[in-house]
Amino acid sequence: MADGPKPVIHNFDAPDAESPPPGDARSSWKPYEEFYFDDGDIILRANNELDNTIFRVHRHRLRVLGGFFADILQVTQSQFEDDDLYDDCQILELPFDFISSFDIIQLLKYIYHETIMGQTVECEWPHGRQEQRFMVNVDMALSLALIGQMLSLGRIRNEAVIMASARIPVQPRRIQ
């Protein structure tokens, strides 16, 4: 991996993820139901002690994004000891404390529900019909632009910037 950000990988003494010891940070973690898959093989979370949301997802879905995930997920799960795991999965905290669980949710929606990012619609314009891609959610575009930039996910960042700029006017209009 390049000299970029380093993830935080927890090393807990208690191998039993279902009952963390008192005072263990994991005791306050809350699985996000939509993205806590029984067959997931990695726990993803924000690097923020106030953000207790965790996601159990599939490492292959993250790895294909490239950038940060391709680099860090070269390590196989078998290389981790039992005390490096939670719910039998490696724990991966994103390396920036300003990436929140909201941002992670937007990334996972993009990965698992591919049509959420934008949809192609045929529009009737004064100059004729044309296919146009529209953002479903501007907040999602901004979150994905942030994550894409910080984690070197160029395709996601570029698509998010295009989607956000299509929804946000570049030049303000005069209100009369």
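The values are calculated or read from the model by the stated rules, or taken from the named source; none is laboratory data. Being a predicted model, the structure only gives us computed values, none of them experimental. Cβ placement follows ideal geometry from the backbone for every residue including glycine, while neighbour counts extend to all protein chains displayed. The area values use the complete protein model at the heavy-atom level, side chains included, leaving out ligands, DNA and RNA. Shrake-Rupley method; radii C 1.70, N 1.55, O 1.52, S 1.80 Å.
For the residues ALA145, ALA160, the requirement of being farther than 19 Å from ASP38 by Cα, modelled with pLDDT under 90 and crowded, with 16+ Cβ neighbours inside 10 Å singles out ALA160.
Test ARG63 against the criterion of being open to solvent by 30 Å² or more (accessible area, probe 1.4 Å), at pLDDT 60 or above and under 15 Å from LEU108 (Cβ atoms), and give yes or no. Yes. Here ASP83 meets each of (1) assigned to a helix (DSSP H, G or I); (2) of a type outside the set (S, T, N, Q); (3) modelled with pLDDT of 85 or more with one exception, condition (3). Cβ-Cβ distances below 8 Å connect the following pairs, each with a first residue in the stretch 20-44 that is at pLDDT 90 or above, a second residue that is among the small types (Gly, Ala, Ser), and a separation of six or more residues or different chains: TYR32/SER101.
Residue by residue, here is whether (1) at pLDDT 60 or above; (2) closer than 25 Å to ASN158 by Cα holds:
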| site | (1), (2) |
| --- | --- |
| CYS89 | yes, no |
| LEU92 | yes, yes |
| PHE102 | yes, yes |
| HIS113 | yes, yes |
| ILE116 | no, yes |
| VAL136 | no, yes |
